[in-house]
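Working notes for the structure below.
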Amino acid sequence: MPALSAFATAEAANGRPVAQILLDSALPQLDHLFDYAIPPELADDIRVGQRVRVPFRSKERKTFGYVIGFAERSDFGGELSPIADIVTLVPLLSIEVWQLARAVADRAGGSAGDILRLAIPTRQVRVEKQHLAAAELREALEPVAEVAAAPADVLADDIPGNDSVAEAEGAEEGIAEQLIAGSRLALTASHGPDRLHTGEWVGGWAAQLAQIAIAVHQRGRSAILIAPDYRDLDQLRDALAALGHEDTVRVDSRQSNAERYAGFLRARDPEPRIILGNRSAVYAPAHALGAILMWDDGDPVLAEPLSPYVHARDAALVRAEQESAGLFFAAHARSAEVQRLVDLGYVHAQRNPPRRARIVHADASLAPDAFAGRVPEFAARTIREGLRTGPVLVQVATPGYAPVAVCESCGDLARCGVCTGPVGFRVVGRASCRWCGEYASDWHCRTCDGRRLVERGMGSGRTVEQFERQFEGARVLLSDGEHPRERVDARPAIVVATRGAEPLAAGGYRAVVLLDAERLLSIETLRASEDCLRWWENAAALTAPDGICLMASGGGPVVRAFVTGRIDEWLHAELRDRQALRYPPAVRVASVSGGPDEVERALHQLDQIPGVDHLGPTALPAGGAAKTPPGLVRAIVRFDYGHGAEVASRLRGALVADAAGSVSRARGRAPGRARPEALRLRFDDRGVFDG
């Protein structure tokens, strides 16, 4: 048996003959525990959390599963099938992660197995053997290490970067103490970058979160740091390393399978870790979890795109409650969900106002076309002045050359002939669909049968082209989804970036100019205003301490809230409006789609539950980006938080009944082909009311 503490501490069968197994299956009707007999040859080695192979439906047919627990007897009246074999002796599934997976799956009307596929990476045998060998070596050397160990206060002085940690004592140390005690906190981060002693520049928020995580770790507790994308993770990694913590466990979707599995095993070790990752990191195993710290929870990247679609924020709330851990939400602009929790008193917000960049408005009276060129003259002067001493950031709404194409004859918006999506120009002179990517080579107008397309609007590429002419001699750089940049140096340059793709500048930008406010605010989503505030605040946070952030145009309550820094007041008003209209997050929502009969049967299960109503069912448009089959409908169920468990349980029951009943109806169909009319559920979809 390998010498691995995590193996030794996992619960053993201890003579109990029955193992309770969760099958690794996507079928909702199999989302419960199955009893299997423990054969004598496996009785000494089997542990809770191990991955095993078991027979299913026949002795010859095997499937995988996880050991969830043991029992003295089974309620099943027949003879139990025995477990075939143990896939790995390492208990991959900790009891804490299992309880989390079960709870968030039940909350979202989904399967725990789907959560576990997000939580546990694909096994890599070679990586596992290396990890076990290293664990054996550590255990063998442990007595020697204890004898040779110096007092903790002596070691602390020798840690690289410890002076920086000492300087941070106070606010960060106090926050760490509160988190370990189980507090739930929300921080609005100050604007501006910080320079590490290594010479690297990071956002001030990254340095602060790193300091808090290290303070939690120094108290013998694990910390999970969650950020939307790899650029945020890189800043946190650099900050942690500069503060003396090189042993960070990273769980990142950009890693190889081997790297992810190695990180997972290290996180599984029975010692405190700082675990850094994107949305799936919320499910990482963590010994003695002290705090979960999440950056920018309003970013849609933290919304899980796979069933059961649980947002990382919701999973973090459940896990912190289950493990009595602290929870820390930080952002430049608070999300409506966190603001609701603050208003309820469940999360406590900071009292000291954050430091903000100097933000001015060019002229709210200017319409977008009231000036020649891409920017008004006042903004152009701001760009020129900033270029004298350093880089200038210009944020634009959309990537590509021209986001919209219209018919030259009648002016109607061009639609794709394949999926009816909008047509635009990703590059000059070549139009393509913004949904499916199909080139509009044989396009014709459905209104007037015209054949020529003309450009409307300016994307990032077209803006770069115009700036190269307008600011002759200036260095113009592009950063968008196809041309990403993480950082730029301190030399003068105009950096044109789409929202969310702004690179970090050494020392900060001398000026940040925000374009296309009207276009961004007109996006047909419930969260357009909230998203705009987050995009603008994140861009303004890149401004140098003595720089300026300029809103080039636009007006109204949202722009005014941003310019004046009264975002909390705007969020309060927004939540009041959503409460009156019964829009999320004032209430929870669930999207129920499928065939008309299937949806009607599901909605019938919700009769007599107080505080529940539904919109629809209405027909789903056939085709489109999702290639929806014809004849399907969708209803939106709205319900109060207090009835969430009952609504999820009843809809889940309808889903299981529909899936189980489809077996007989689907006989004769090709294997693996799901019925188009099958019932589908999605809880808390942030885009459920989008146009």
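The values are calculated or read from the model by the stated rules, or taken from the named source; none is laboratory data. Source: prediction; values computed, not measured. For neighbour counting, all protein chains shown are included, and Cβ atoms are generated from backbone atoms with ideal geometry for every residue, glycine included.
A few points about this structure:
- Residue that is farthest from P584 (Cα to Cα), among those in the stretch 658-691 that are outside any loop (DSSP other than H, G, I, E, B) and at pLDDT 80 or above: A660
- Search result, residues across the stretch 56-70 that are under 38 Å from the mean Cα position of the chain (by Cα) and either of a type outside the set (G, A, S) or at pLDDT below 95 (or both): F56, R57, R61, K62, T63, F64, Y66, V67, I68, F70
- Evaluation of H572 against the conditions (1) more than 25 Å from the chain's Cα centre (by Cα); (2) assigned to a helix (DSSP H, G or I) shows that the sole unmet condition is (1).
- The test for being touching an Asp or Glu at 6+ places or on another chain (Cβ under 8 Å) and buried (at least 24 other Cβ atoms within 10 Å of the Cβ) does not hold for A506.
Conditions tested, residue by residue: (1) surrounded by 22 or more Cβ atoms within 10 Å (Cβ to Cβ); (2) closer than 21 Å to G500 by Cβ.
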{"position": "D229", "(1), (2)": "no, yes"}
{"position": "A241", "(1), (2)": "no, no"}
{"position": "D269", "(1), (2)": "no, no"}
{"position": "A284", "(1), (2)": "yes, no"}
{"position": "P300", "(1), (2)": "no, yes"}
{"position": "A312", "(1), (2)": "yes, yes"}
{"position": "V318", "(1), (2)": "no, no"}
{"position": "F329", "(1), (2)": "yes, yes"}
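- Residue check for E304: of a type outside the set (A, V, I, L, M) and surrounded by 18 or more Cβ atoms within 10 Å (Cβ to Cβ): yes
- Listed by first and then second residue, the pairs linking a residue in the stretch 28-39 that is under 13 Å from V52 (Cβ atoms) to a residue that is part of a strand (DSSP E or B) and among the small types (G, A, S), with Cβ atoms under 6 Å apart and 6 or more places separating them unless they lie on different chains, are Y36/A19; I38/A19.
- Filtered residue count, the stretch 377-397, keeping only those that are surrounded by fewer than 22 Cβ atoms within 10 Å (Cβ to Cβ) and assigned to a loop (DSSP other than H, G, I, E, B): 3
- Candidate set: the stretch 580-621, residues that are of a type in the set (D, E, K, R) and in contact with a helix residue (DSSP H, G or I) (Cβ under 9 Å, 6 or more places away or on another chain); chosen: the one nearest to I636 (Cα to Cα): R588
This table checks each residue for (1) modelled with pLDDT of 95 or more; (2) more than 23 Å from the chain's Cα centre (by Cα).
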| residue | (1), (2) |
| --- | --- |
| A207 | yes, no |
| G220 | yes, yes |
| I224 | yes, no |
| R237 | yes, no |
| D252 | no, no |
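- Each residue in the stretch 76-107 was checked for being polar (S, T, N, Q), surrounded by fewer than 17 Cβ atoms within 10 Å (Cβ to Cβ) and touching a residue at least 60 places away in the same chain (Cβ under 8 Å), and 1 of them qualify.
- Out of L22, L4, L27, sole residue that is hydrophobic (A, V, I, L, M, F, W, C), at pLDDT 95 or above and under 35 Å from the mean Cα position of the chain (by Cα): L22
- Taking the stretch 399-410 as the range and being more than 9 Å from A497 (Cα to Cα) and outside any strand (DSSP E or B) as the test, the residues that pass are G400, Y401, P403, E408, S409, C410.
- Residue in the stretch 486-496 that is within 25 Å of the chain's Cα centre (by Cα), under 23 Å from G400 (Cα atoms) and in the same structural domain as A561 (by TED's automatic domain parsing) present: yes
- Among residues of the stretch 338-360 being surrounded by 22 or more Cβ atoms within 10 Å (Cβ to Cβ) and touching a Gly at 6+ places or on another chain (Cβ under 9 Å), the one that is nearest to V587 (Cα to Cα) is V338.
- On the stretch given as the stretch 521-569, residues that are in a helix (DSSP H, G or I) and hydroxyl-bearing (S, T, Y) total 2.
- Exactly one residue out of V559, V563 is crowded, with 21+ Cβ neighbours inside 10 Å, over 30 Å from G611 (Cβ atoms), among the β-branched types (V, I, T) and in contact (Cβ under 8 Å) with a residue 60 or more places away in the chain, and it is V559.
- Residues that are over 28 Å from P270 (Cα atoms) and of a type in the set (G, A, S) number at least 1 in the following strands (runs of 3 or more DSSP E) confined to the stretch 24-105: 33-37.
- Among the residues listed as T398, T389, the single one being over 30 Å from the mean Cα position of the chain (by Cα), closer than 30 Å to P492 by Cβ and hydroxyl-bearing (S, T, Y): T389
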